[in-house]
Amino acid sequence: QVQLVESGGGLVQAGGSLRLSCAASGRTFNSYGMGWFRQSPGKERELVASISSGGSISYAGSVKGRFTISRDNAKNTVYLQMNSLKPEDTGVYLCAVSLIRGVVTIPSLYAYWGQGTQVTVSS
């Protein structure tokens, strides 16, 4: 059974930093793309960052230069380092794994999803 478990969310003041982790179990995802999405109240789920099996990366324009996605294939884990956080970054952050090797930006192409971790940025 595949499981994705996110951790590292919390409450932080604007300008602060958080590091999210997503540990996958049940199968190895070294050959597949992984991503972080954000779900905010009243908004559609949006891609924050995606990383391919080979390390190619795509970021949403709103987080470029502030967030960094990385992966540790030995640990079957993907990370999201978030710096210079803003109140508009508030939301539930979900990690996901696709069954495609490349960078995947479309939510419907992701096969597995975690439950999410709440990130709240106060002004």
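Odds and ends about this structure:
- Accessible surface for the chain, divided over its residues, is 49 Å² per residue with a 1.4 Å probe.
- Hydrodynamic radius by Kirkwood, which averages 1/r over all alpha carbon pairs of the stretch 1-74, in angstrom: 13.8 Å
- With semi-axes defined as the square roots of five times the eigenvalues of the C-alpha gyration tensor, the equivalent ellipsoid of the stretch 43-123 measures 21, 14, 12 Å, largest first.
- Accessible surface, 1.4 Å probe, highest first, among residues ARG71, ARG45: ARG45, ARG71
- Loop-located GluC sites (Glu not before Pro) in the stretch 1-87 (DSSP state not H, G, I, E or B) with no more than 15 neighbouring Cβ atoms inside 10 Å: GLU44.
- In plain terms, the chain from VAL2 to ASN73 could stretch by 24.0 nm, reckoned as 0.36 nm per residue minus the Cα-Cα distance.
- Cross-link partners of LYS43 among aspartates and glutamates (Cα-Cα below 19 Å; sequence separation of 8 or more within a chain): GLU88, ASP89
The values are calculated or read from the model by the stated rules, or taken from the named source; none is laboratory data. Just so it is clear, the model here is predicted, and its values are computed rather than measured. Positions of Cβ are backbone-derived with ideal geometry, glycine not excepted, and every protein chain shown enters the neighbour counts. Protein only, heavy atoms only, side chains kept; ligands, DNA and RNA dropped before computing areas. Shrake-Rupley method; radii C 1.70, N 1.55, O 1.52, S 1.80 Å.
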